[in-house]
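Engineer: Sharing a structure here in C-alpha cells format.
What follows draws every value from the coordinates through simple rules; no lab data is involved. Please read all numbers here as calculations on a predicted model, not as lab measurements. All Cβ positions, glycine included, derive from the backbone under ideal geometry; neighbour counts span all protein chains shown.
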Amino acid sequence: MKIIIYSRPQLSHTVEELNTLINAVVSSGCAYKLNNEFAEIIEQDTNFKIDNSCRYDSLCSEDHVEAIMVSYGGDGTFLEAVKLLEDYPTPIIGINSGRLGFLANTPKQNIVEALIELAKGNFTTSTRSLIQIAGDVPSDIKHPFAFNEFTIQRKMASMISVETYVNNEMVATYWGDGILLSTPSGSTAYSLSIGGPIIAPSCECFVLSPIAPHNLTMRPVVIPDNCEVYFKISSRDNEVTITIDNLSFSINSGATFTLTKAKNRINLIQLQNISFYDTLRNKMLWGIDPRDNSK
C-alpha cells in the first residue's frame with residue numbers, strides 16, 4: 001500500500017509533531033509520497049531527509065494505484081486534498097491537527113495507531129457525494145465540484161436576488177445575501193451556521209438554504225440529490241461572489257448555474273472506532289453538562 005500525504009505549507013506544526021508524523025509513516029512500512037511544500041517544511045524543521053521519489057507536485061494515475069490519501073490539517077486542508085483526487089477512487093482520511101475537524105476527524109494524537117490500522121487494511125469506507133457545477137463557471141476553476149457546498153453571495157452592500165428552480169420548477173426568488181446548496185457532508189459546515197439541518201452522510205439529498213434572506217419566512221429546504229438545481233443571479237452591482245467549498249471567485253451579475261450530483265464519489269475512510277455520530281457528539285459537545293466540574 002502507498003500513503004499519499006497532503007498538508008498545507010502555511011500550517012503551523014511543532015517539530016515534535018512533524019517527527020511523530022514522519023516516523024509513524026516510515027514505521028508503517030508503506031511506500032509514501034508527500035506534497036513538495038510539506039516535504040520541504042519537514043526537512044527544514046527536522047533531521048529527516050525526504051528523497052525526491054517520495055515527493056509530488058501533482059499526482060498521476062500511477063500514484064493512485066493501491067494508495068490511500070492522508071490529509072494532515074483541518075477541514076480546509078481536507079477539502080484541498082479532495083481536489084487532488086480528481087476522478088480517482090483513492091480513499092481518503094483526515095488527521096486533525098486543526099481546530100473543529102468534522103471531516104478531519106481522527107485526532108493527531110492517534111496518528112501512530114491510525115497509520116498502523118491503515119497499513120493493515122483495518123478500515124472501511126463510505127461514499128460521499130459531490131456537487132457538479134456547470135454554467136457560467138470561470139475559466140480558472142479547474143475542478144468544478146464541491147464536496148461541502150456551492151454558494152452565491154453578494155460582494156458589495158446591495159442585496160442580490162437568485163431565481164431558483166428544481167427540475168425546471170420554480171422554488172422562489174431569494175432576496176438577501178445569497179443562497180447555498182450543500183451536500184450531507186457539508187451540512188455540518190457553512191450550511192449549519194446559517195440554520196440548515198444536520199444530515200447523516202448516508203442520506204441522498206441536498207440542502208438548499210438562503211443566506212440572510214430579506215423575507216424571514218424563507219427556510220432551508222431538503223431536496224433529493226437526483227434533482228437538477230438552476231440558479232439565475234441578479235444584482236445592482238456588476239459582480240457577485242461564488243464559492244466552491246473553500247475557494248472564492250468573482251462572477252458577473254446575470255450569470256446562471258446548473259448543479260447536479262456528480263457521477264464520481266469520494267471514498268471516505270472510517271477507522272473502526274470512529275463513527276459520524278461519535279464525531280457529531282464530540283464536536284458539538286452534546287450530552288455534556290456544563291454544570292459538571294468534575295472533569
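Engineer: Going by alpha carbons, how many degrees (0 to 90, nearest 10) lie between the helix axis of 75-85 and the longest principal axis of the chain?
Structural biologist: Helix 75-85 sits at roughly 80 degrees to that axis.
Engineer: Counting only other residues whose beta carbon sits under 12 Å from that of Gln109, what net charge do I get with K and R as +1, D and E as -1?
Structural biologist: -2
Engineer: In whole Å, how far is the Cα centre of the stretch 73-135 from that of the stretch 197-270?
Structural biologist: The two parts, judged by their Cα centres, are 22 Å apart.
Engineer: Taking the Cβ of each residue in Arg236, Arg55 as the centre, tally the other Cβ atoms inside 10 Å and list the residues starting with the fewest.
Structural biologist: Listed from fewest to most nearby Cβ atoms, that is Arg236, Arg55.
Engineer: Something else now. Does the stretch 1-84 classify as rounded, prolate or oblate by the C-alpha gyration tensor (a ≥ b ≥ c root eigenvalues; a/c under 1.5 gives rounded; else a/b over b/c gives prolate, otherwise oblate)?
Structural biologist: Since a/c reaches 1.5 but b/c is at least a/b, the shape of the stretch 1-84 is classed as oblate.
Engineer: Highest mean first, how do 250-257, 209-216 rank when packing is the count of other Cβ atoms within 10 Å averaged over residues?
Structural biologist: In descending order of packing, they fall as 209-216, 250-257.
Engineer: Taking the highest mean first, how do the peptides 174-187, 58-71, 132-145, 149-162 order by number of other beta carbon atoms within 10 angstrom per residue?
Structural biologist: Sorting 174-187, 58-71, 132-145, 149-162 by mean packing, highest first, produces 174-187, 149-162, 58-71, 132-145.
Engineer: Right, here's the next one. What 222 nm value per residue comes from the helices of the chain, counting each DSSP H run with n ≥ 4 as -39,500 (n - 2.57) and dividing by all residues, nearest 500 deg cm²/dmol?
Structural biologist: -5500 deg cm²/dmol
Engineer: Between beta-carbons, use under 14 Å as the cut-off and find the net charge around Ser209, counting Lys and Arg +1, Asp and Glu -1.
Structural biologist: -1
Engineer: Which residue, Thr173, Thr90, Thr217, has the most motion in a Gaussian network model of the chain that connects Cα atoms within less than 10 Å?
Structural biologist: Greatest mean-square fluctuation among the candidates belongs to Thr217.
Engineer: Could you pull out every one of the lysines with an alpha carbon less than 16 Å from that of Lys283, ignoring same-chain neighbours closer than 8 positions?
Structural biologist: Of all the lysines, those that pass the test against Lys283 - Cα under 16 Å, at least 8 places apart if same chain - are Lys108.
Engineer: Could I ask something else about it? Per-residue HN-Hα couplings for the stretch 253-264, Karplus 6.51 cos²θ - 1.76 cosθ + 1.60 at θ = phi - 60°, whole Hz, x for Gly and Pro?
Structural biologist: Per-residue couplings from phi come out as 4, x, 5, 10, 9, 10, 10, 9, 6, 6, 5, 7 Hz.
Engineer: Which angle from 0 to 90°, rounded to the nearest 10, does the C-alpha axis of helix 111-120 make with the longest principal axis of the chain?
Structural biologist: Between helix and principal axis, roughly 80 degrees.
Engineer: For Lys263, give me every one of the lysines with a C-alpha distance below 22 angstrom, ignoring sequence neighbours fewer than eight places off in its own chain.
Structural biologist: Partners within reach: Lys83, Lys142.
Engineer: Helix 36-45 against the longest principal axis of the chain: what's the angle in degrees, Cα atoms only, rounded to the nearest 10?
Structural biologist: 50 degrees
Engineer: Add +1 for every Lys or Arg and -1 for every Asp or Glu among the other residues with Cβ under 14 Å from the Cβ of Leu247, and state the total.
Structural biologist: Local net charge: -2.
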